[in-house]
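Structure first, commentary second.
No lab work stands behind these numbers, since they all come straight from the coordinates. On a predicted model such as this, the values are computed, not experimentally measured, just so you know. Ideal geometry is used to build each Cβ from the backbone, glycine not excepted, and the neighbour counts take in all protein chains shown.
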Amino acid sequence: MARLIEQFERLPGIGPRTAQRLALYLLRQPEEQSQAFAEALLAARQQVGQCQRCGHLSAETLCNICLNQGRNIGLICVVADSRDLLALERTREYKGSYHVLGGLISPMDGIGPEALMIQALLKRLDPEEVKEVILALTPSVEGDTTSLYLGRLLKPFCQVTRIAYGLPMGSELEYADEVTLARALEGRRAME
């Protein structure tokens, strides 16, 4: 049981108490359910790879988004990883294509531009097709560094924009930090 708890603790966002709760839950389930869980985990690990076009997770050569003929291929949204892509998809607002970098530039962690899927992005930039690249990267030092780098690199090929940053719905101004408030002011728009 200690080994199982230890493995759960290695997962992001799972602390010791949650790991223990998950381990106990699995041990109380019928053996078939535990077997199905283990098989699903192993199958996903063996079958899921990266889409050859955008880098998103896929069990096929191309992911469902890249295969969707209804998507605007002239619009590419660049994200750090598949979690960000999935978050944008949940909005059901974005109808373009994506490109997953596989991380952010972080000299402190030894991650330079060559470690990311930037060359694959450049190969996708056909000036006849791609009109705009949207940078949807985390508002952090690494995200800003990556956005600046990509902005300079992509500007000769197409229009480069960046998602707006600001206050989340339902938040109070008094609790927002200075950087978030400054970005909210910078990204203001005219009232419609």
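Among Leu101, Leu57, Leu122, the residue with the largest mean-square fluctuation in a Gaussian network model of the chain, with springs joining Cα atoms closer than 10 Å, is Leu122.
Candidate values (i) 12.6; (ii) 15.6; (iii) 13.5 were compared with mean projected area of the Cα convex hull in nm² computed on the shown model; the agreeing label is (ii).
How would you classify segment 1-114 from its alpha-carbon gyration tensor, with a ≥ b ≥ c the square roots of the eigenvalues: rounded for a/c under 1.5, else prolate if a/b is greater than b/c, otherwise oblate? It comes out prolate by the Cα gyration axes. Per-residue ellipticity at 222 nm computed for the chain from its helices equals -12000 deg cm²/dmol, with DSSP H segments shorter than 4 residues left out and the rest contributing -39,500 (n - 2.57). Based on C-alpha pairs under 8 angstrom that are at least 6 apart in sequence, the chain has a relative contact order of 13 percent.
In which sequence would Ile111, Ile118 go, from the one with the fewest C-beta neighbours within 10 Å to the one with the most? Don't skip to the end; give the middle numbers.
Details: Ile111 16, Ile118 21.
By the 10 Å Cβ count, ascending, the order reads Ile111, Ile118.
Among Leu42, Leu24, Leu86, the largest mean-square fluctuation in a Gaussian network model of the chain, built with springs joining Cα atoms closer than 10 Å, belongs to Leu24.
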